Every structure is written in structure tokens, then in C-alpha cells.
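Take a look at the structure below.
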Amino acid sequence: MAKEILKITGMNCAACSARIEKVVGKMAGVEHVSVNLATEKATVVFDPDTVSISSIVEKIEKAGYGASSFTEKTMVDEDKLKKEKEIQTLWDKFIVSAFFAVPLLYIAMGPMIWWLNFPIPSFLEPMQYPLNYAILQIALTLPILVAGKNFYTDGFKAIINRSPNMDSLIAMGTSAAVLYSAYSVYQITAGNFGAVENMYFETAGVIITLILLGKSLEAVSKGKTSDAIKKLVGLAPKTAVVIKDNKEYEVPIDEVETGYIILVRPGEKIPVDGEVLEGITSVDESMLTGESIPVEKKAGDQVYAASINKNGMIRFKASKVGGDTALAQIIRLVEEAQGSKAPIAKMADIVSGYFVPVVFVIAVLAAVAWFAAGESLVFSLTIFISVLVIACPCALGLATPTAIMVATGKGAEYGILIKGGEALETTHKIDTVIFDKTGTLTEGKPEVTDVITVGDTKRNELLQLAASAEKGSEHPLAEAIVKEAEKEDLEILNIDRFEAIPGYGIEVEIKGLNVLLGNSRLMDIRNISRTELCDRSDILAGEGKTPMYVAIDNKMAGIIAVADVVKSSSIAAINMLRSMGVEVAMITGDNKRTAEAIARQVGITRVLSEVLPQDKSNEVKKLQAEGKKVAMVGDGINDAPALVQADIGIAIGSGTDVAIESADIVLMRSDLMGVPGAVRLSKSTIRNIKQNLFWAFGYNVIGIPVAAGFFHLFGGPLLNPIFAAAAMSLSSVSVLTNALRLKSFKLLG
Amino acid sequence: MKNRITVICVSLVIFGLLIYTLAAIDTTDVIGKRSIGSFNAVLSAMPENVAEDGALGGWAITSPGGERFIWSRSSDPDMSYDLTLEFDSKPFLDAGLNADMLPEGMVMGEKIVIVSALDGGRPTDPGAASPLELFREIVRSKREYINYHAALDHFGIKIGNGNAFEWGKDIGANDKDIVFVLDPAVFIDAGVDPSKLEGWLYAKVKTMDESGKPVEVYKFLKPYNIGD
């Protein structure tokens, strides 16, 4: 069996991806096919002896879509350009469309809004110059129809292929309106000036314009979805310095194989995963782990692709290259998670699968029945068009995007960026929230929490000496000590000698004093007694703090403890989630003791500690297997797989770009109150969308039988297309008005 | 960006040309063209009922029931009125009309007359003095007095205070070819009981008030079919 990824073009909705899956799935030799609408890719598993990839491509093209072999190069470069061009084209079409739709709406609807007294030139008065009025509307409508021509080409093609989609609904609805309007214009030219009241050009024009706006926004969102993967791919360096026969060669990353010896200088990215052979350095793995503190690496330690070598030169042996690196695995996880289908897509499937054919059949049957009953052709045609016009999916199309538009705008006001309707739809179902620790529940920036002295040493003296010793260091723990000293206006002293002791700490000479600053092992190798401070040190560690010993002239002087402090909003956010019935958990790579210390502070009882970066998504999976709807809140690249695996990924705005791109929701203010806020906003939005859909469907359910002349059989009214259009407009107004109610949403209730 | 500017510029030019063209032509003018043609059809359908009126001074069209619509014949400044509706007073008296309660001069012998002067003076006498030419002159210079009702496909000329004379755009195609329309308020105030008024319909009709607001109001209507 072979596996091939194809780039698909021309898909508009879930019905399109379903159609491709159906036609390819039926081919002999194709074992599995999965089409991802968001990434516009199809993964095909097939038997190359039975079927070729070219015949699969041909089959897809025959179904009305484009298909081509997919490569990373295509995705990152050509695809990016293509996407940008597509977005630009859609915006151009929308602008042209809106440019003509606004005066069209003004001319068509202005006279109906008599109380606003919209001025209309006398030569365009419909009751005085109906043909002028009609010609102007045609002139304004034509450019809009040209701008929206793809709806017609794709929509009717889909009908011909017996797989109607949303474009089919738009094409049929607006075509009915345009054709009936054209017939009315013909009536006017024939002297039936009353037909001036039966034109619906503005209906078609405004629908096309609004849908183009929606499509443009959708294209932007789609582009951002794949940006996450592009950014991850972009993290990996393009070349590596390989040592062969004691000579350095710079080779493309694709040519690096396992077993190669690779040299990495300070400031360079580590190209592939491997094991350090020689050299000592600290490596910034924050892009992968989210942890801001660099990790020290020496011979025997593992290094990972895309992490940054900070201060030492190392040689390492490549152990995992290409698709096997930790980075590649994260990329794969993100892609797989994005492949899952959204619940909203199911709604689109149902609508496109049944709505159009059913409406069309009703329209045809009603028209034929009336004609057979002896009514005129014009009467039957009126029935046919009335049914299509009232069933035009305008309100149905607006129901979800308007609510989402208002809700996402409202969310943005509160610093909650929600990436599209799917995220909003899913968030309201969340019953479990997992918080990453560092940078999420905590500030992610260590601070001095305790300064403990022994003997005659004064607190300020200890802090001053430690800060002076650490002044030149960029290590986050050192920065915390210097910052604390500056906060207390302590003078930073000049040092006479500095020596870094890798893995232990530093030794400096300041004003004739020998100062040692480092971990317990440093004190032990210098035979400095820690007895007095052992218990305090353990307590501090138990509280999740990092204790650093300070010795002056080989005598223990004290401890400076540094810790990542809990955010002020963490406790309130967790309490609020609990009050909403949401279970809260914490996940971290830290040891159990530190993790539990932080969890106690914020009031979390379910703690998932010592979890390796690559296992975070497995923990999410486990909870999902229990039937939970899980939201993951994190900020690091190591959180990215978990963010996409979770039903909802929530990234902190101050976190890494990849985490932000992988998430469904981004909290711009790093304020965790945004988490319960997002859940509440989602609940309000979904309630609003359901109300909108009720109105949108309600008008159709009531309007279609009336339009088909059902009540006319019993002497009831016959729905003139003008009332059909009015009902359709009313349904849109109801939907829009209802959606706008979301503007009054309050984050904290 | 360049493409977008080009498209917008071209669109603006096309739009401007279209507006200019539409403003320049009047062949699609329903009031200016078709109202005259259809009024002529009414005149042609009953030539024996169109005559000069010596007493009120104008051209008059007389319905089969005897009601008359009279329009100004000349620009003689001594003429008091430009448009007139005249009809028998008997049905109204029989329905309870107290003639003394009507405005002075409205009852002339056995007739009731409703008169109206055109705002800003009457049209210039075109000289030809035929009924149609004079009507055409009214349309040309006072078109705001003429309206077209799309839903019922007829024209009307306003004779003030909600009174009007209406005629179908296509004689024969309309339900009613000519209609005398009276505002009932003044008659009801003078004692007329609409339910007892013979020969006139008392019905609600859709129209627009001065602000353009669609309204439904009661009218006394006397319609006739004069076409084949």
C-alpha cells in the first residue's frame, strides 16, 4: 500500500470534501481516503499495482476539483502565494460587489422606507420611469453577478454532478430572483408597468455581496489555520554543519543522516535531534517546551531540532532526522488534529444534501400541479419562483456567521481571540479544562520570593553581593536576583574576578570577598556546611521554589529562593470555572512536589505532573476517552499537540507563536479570566445561533407551503414573490437583530 | 491594487454614462408619455361624450351616468378653476346630505361641483385648443398632478382634497376604465350615510399620503367600463 497526499483546490464546503471522498473511495485499489477541507489536502492510501495516483487525480478533476501532488515546498512557498492571491481576489470581488450593491439597495429599497425620505432622482421614480428604474438595477446587478460568477459555475456544476452544495443554493436562489426580475423587466417593456414592483435584483445582489464577504473572511481564517503548520515547518533550520574527516561542511538539512556528527556554534539552531558528544552549553528549548529557563547540556544529553544553542559550542551525533524529529512529530500531530471534521460541517452537509433538492422538487411539483389544474403558465411560473425565492438561503447563510461575527468581535473587545465558528461552537460543550503550569497559571518570569540569611550576614548585603555576581548573566534566575536588588535600590558592585562553574553555579571576587552562588552540589564540593539551611531549603523546594545557596569566604551566608509566581487571575478563573461545573486540572513537566505546590496555591486538585512534552496530548486523549470535552490552556510549542488534540486549544497571548497558531482561542491579555469568559461567550453564541437557525428555518417551513399555493387551494392567500422576498428579508432582519443582541454580552455575567 | 483601481474607475465611468443616458431620454416616461396616450384612448373611446363646457369653461368628458370631468380650456386669467368634477346631487340628498352644510358654491342647481386650481398658475394655452393638446400641456407643465398606480395599472389626476379622476392605462384591459373618486369626509360631515348612497361605492383604497407613506383610506367611487 502507498500513501500519497494531494493538494485539492475548488472546495467550498463540507459537501465538496464529502464528494471527493465518495468518488475516490469508490475506485478499485483505494483503501482509504480522507479529505481535509481546512488544509485543502487529501490523504489517499492505495494499492499502486491496482490504481495509479494520476488516475486518482484524474477522477478528482472529473468531479470538478483540482488536484496535484503535495510537497512541503508547495505548502510553504507556492501554496502561500496562491492563498494570498485567492484572499486578495475574494476581497477585490467583494469590494466591487459592495460598490454596486449599496446604490442598488438604495434605489430598490429607498422608496419603500418612506419615513426616511431617501431622495431619488425624478427620472428614476419607479412609478414614473419604471424602465429607467429597471435598467439602472440591471446595470448595478450585472457587475455583482460577474463578481459572484463562481457561485454559478461551481453551484450548477455541483448540481450537474448530483452533489449540491452551498454554492448551489446561492446560485439557484439568486438565479430565480434574477430570472423573475428579468421577466418583470420584459413585462415593463411590454407596457405592464405594474411589474416594476416585481423586481428582486437587489435580493440577488445583496445576497451575493454578503456571501462574498463571508467567503473572504473564511479564506482569511483558512489561511491562518495552515499558518500554524507553516510556522512549525519554518522553525527547522535549512542547513547543518557536518563534521567529516575533521572538516566542516554545510549541507542542506534534507541530506543529514543519522549518525552524522554535527557542529553547533553559540546562537545557532540545532538542526536535528541527537546526543551531545562534547561541549557544554545551555539550550533554549522554549520553542518546544514553553519553559523560559535554558537547559544545560553536556556530553550524553539529548538535544532537539529547532532549539537554540545559547552560549557554548557543541558537537552532537544525529539520532533522529527528517520526519522522525520531535519537531516533525509535533507537526504531524497538529496536522492530524486539524483533519477532524467540525460539527458545523455536519449541519452544512445536511442542509446541502437535502435542502436544495427538496425545495427544488417542491417548486417543480407545485408549478406542475397548478398548471395541470388549469392555471396559466405565468401563474405556475410565479409559484415556482415564489417557492425558490422564499427558500433562498439568505437567512440560513447569515444565521451562523453573523452570530459568530458579533461574538468574535465581542470576544476581541475582552482580549479573547476566537478562531472561527467551529471553536465557538465547541467551547460551549467544554466540561474539563487543563492548564499548563509555566507561563499559563504562573507568570513564567521567575522572581525572588525569599532571602534567608545565617550568621552575621544582613539581608541586603546578601542580595547585593548575589546581584553583583549575577549582573552579567542572562540566565532567568540571575535576572530575577538582579531585578530584585534594583527594586530595593541596592548598588551593584564591580566584580574583580568571575568564574562560571557549569552545572553548579558561579564563583566571584567582590571587594576582596570570595562569593559562591549556586546549587547544593556546589556547596558540597567546596565542603561548605548546609546543615543550618537544609530544612529551609527543603521547605522552599516543596513550595515549588528554586533555592540558591550563597557562601561568603567559604562560609554559608544564606539562601536566595527564586520562583515563578502564580498569576493574580489564576485563582479567580479556576473558581469561576468550578462554579460553572467545569472540572479543572493542571499539567506540567515539573516534578510532582513542585507541581503539587503550585496546584495547592491555585486550588487545583487534579495534577498531571512529570509529563514529557510529547505526552501532553496523550493525557488530553485519555481524558477525551473518558468522554470529557477538554479544553487545553497553554503557551509553549510543547503544548501545541495538546492544544490541537484538545477539543478546544486556548493559548496565552504572551506565549509562543506556534502555540498561538495551533490554538482555537487566544487570550491576548494573559488574563486567565478569559477562559471562563470564552466558555460563557460560546454558550451565549450557540444559544443565539440556535435561535437564528430557528428563525431562518421557520420562515422557510411556513413560507414554502404558502408560496407553493397550498393555502390558495382552500381560498387562502397566494404568496406573491414580492411577499416571498419580504419574508426572506424579514427572516434576515430577524437573524441580524438577534445576532446583534450578543453585543450586550458581559464577560463576568 | 492597480487592478482594483482600474475596475473602480471603469465602473464609475460606465455608471456615470448610464446615469447621463437615462437622464437624457424620456421614452420610458410613464407619466409624460403613457398617461397622455391612455387619456387619448379614453377620449377616443367616447368621442360623443367629449365637448366644450361653456358654463364652467373647459373641456369636459361625460360618463355614461352623467358625471363630468372638466379640465381647463384656456389660460384666461378670469377663469377661476382648472380642474372640475361635476355630478348629480340627488343620490347624496337621498342619502341624507344637508346641502347647506357643504362649502359655499359646491352645489350648483342639481349638481355638485368640486373645483381645483393648479398651483403656480395654469398652463399656457398651446393655441391648438384641442382637448388632448390641452391635457398634454397640463402633463408637461404640471406633471406632479398626475400619478400612476402600478398595482391597479391606472393613472389619476388629482383635483385636491383627496378627489380625483382616474383612467386605466389600457382601456379594456383594466377592470374599470374610468373612475370618479371623491373624498367622503366632507359629505359624511354634511349628513351623508354611505350605506344609503345609491350608485357610488364606499370602499377602502390603497394610496400614499403626502410623505409617501402607504395608507388605506375610504373613498366614494364611481367606475365605468367604456372599452369594448
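The values are calculated or read from the model by the stated rules, or taken from the named source; none is laboratory data. From a predicted model like this one, the values you see are computed outputs, not experimental measurements. Counting neighbours? That spans all protein chains shown, and the Cβs are built from the backbone with ideal geometry, glycine included. Note: areas computed on protein heavy atoms with side chains; ligands, DNA, RNA excluded. Shrake-Rupley method; radii C 1.70, N 1.55, O 1.52, S 1.80 Å.
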Expected output for segment A:503-514 (first residue under 18 Å from A:Ala478 (Cβ atoms) and touching a residue at least 60 places away in the same chain (Cβ under 8 Å), partner surrounded by fewer than 18 Cβ atoms within 10 Å (Cβ to Cβ) and of a type in the set (Lys, Arg), Cβ below 8 Å, 6+ apart or cross-chain) is A:Gly503/A:Lys298; A:Gly503/A:Arg521
Considering residues that are touching a Lys or Arg at 6+ places or on another chain (Cβ under 7 Å) and either part of a strand (DSSP E or B) or hydroxyl-bearing (Ser, Thr, Tyr) (or both), the number found within segment A:454-508 is 2
Review point. Taking B:Leu182, is it open to solvent by 50 Å² or more (accessible area, probe 1.4 Å) and touching a residue at least 12 places away in the same chain (Cβ under 8 Å)?
Key: no
Those strands (runs of 3 or more DSSP E) completely within segment A:554-619 that have 3 or more residues that are small (Gly, Ala, Ser) are A:555-566
Going by the conditions given, is A:Lys683 within 25 Å of A:Asp431 (Cβ to Cβ), within 41 Å of the chain's Cα centre (by Cα), at pLDDT 85 or above and part of a helix (DSSP H, G or I)? yes
Of the residues in segment A:533-562, those that are of a type outside the set (Ser, Thr, Tyr), at pLDDT below 85 and at negative phi come to A:Ala541, A:Gly542, A:Glu543, A:Lys545
Among the residues of segment B:131-172, the number that are assigned to a helix (DSSP H, G or I), buried (at least 20 other Cβ atoms within 10 Å of the Cβ) and among the hydroxyl-bearing types (Ser, Thr, Tyr) is 1
Selection from segment A:195-205 of residues within 9 Å of chain B (Cβ to nearest Cβ) and either aliphatic (A, V, I, L, M) or touching a Phe, Trp or Tyr at 6+ places or on another chain (Cβ under 8 Å) (or both) yields A:Ala195, A:Val196
Listed by range, helices (runs of 4 or more DSSP H) wholly within segment A:89-194 having at least 1 residues that are away from chain B (no Cβ under 11 Å), hydroxyl-bearing (Ser, Thr, Tyr) and surrounded by fewer than 16 Cβ atoms within 10 Å (Cβ to Cβ) are A:149-160, A:166-189
Log entry, pairs with first residue in segment A:120-139 being within 20 Å of A:Val206 (Cα to Cα), second being assigned to a loop (DSSP other than H, G, I, E, B) and hydrophobic (A, V, I, L, M, F, W, C), beta carbons closer than 7 Å, six or more apart or on different chains, reads A:Ala134/A:Met199; A:Gln137/A:Met199
Restricted to segment A:305-344 and to residues being of a type in the set (D, E, K, R) and at pLDDT below 80, the residue farthest from A:Gly259 (Cα to Cα) is A:Lys341
Conditions (1) under 30 Å from A:Ile660 (Cβ atoms); (2) open to solvent by 20 Å² or more (accessible area, probe 1.4 Å); (3) touching a residue at least 40 places away in the same chain (Cβ under 8 Å); (4) not aromatic (Phe, Trp, Tyr) -> A:Ser473 fails only (3)
Based on this model, can you work out whether A:Gln645 counts as out of contact with any Lys or Arg (no Cβ under 8 Å at 6 or more places or on another chain) and open to solvent by 10 Å² or more (accessible area, probe 1.4 Å)?
no
Scanning segment A:592-630 for residues that are among the small types (Gly, Ala, Ser) and more than 23 Å from A:Ala563 (Cβ to Cβ), the one nearest to the chain's Cα centre (by Cα) turns out to be A:Ser617
Q. Looking at B:Leu56, is it at pLDDT below 85 and within 10 Å of chain A (Cβ to nearest Cβ)?
A. no
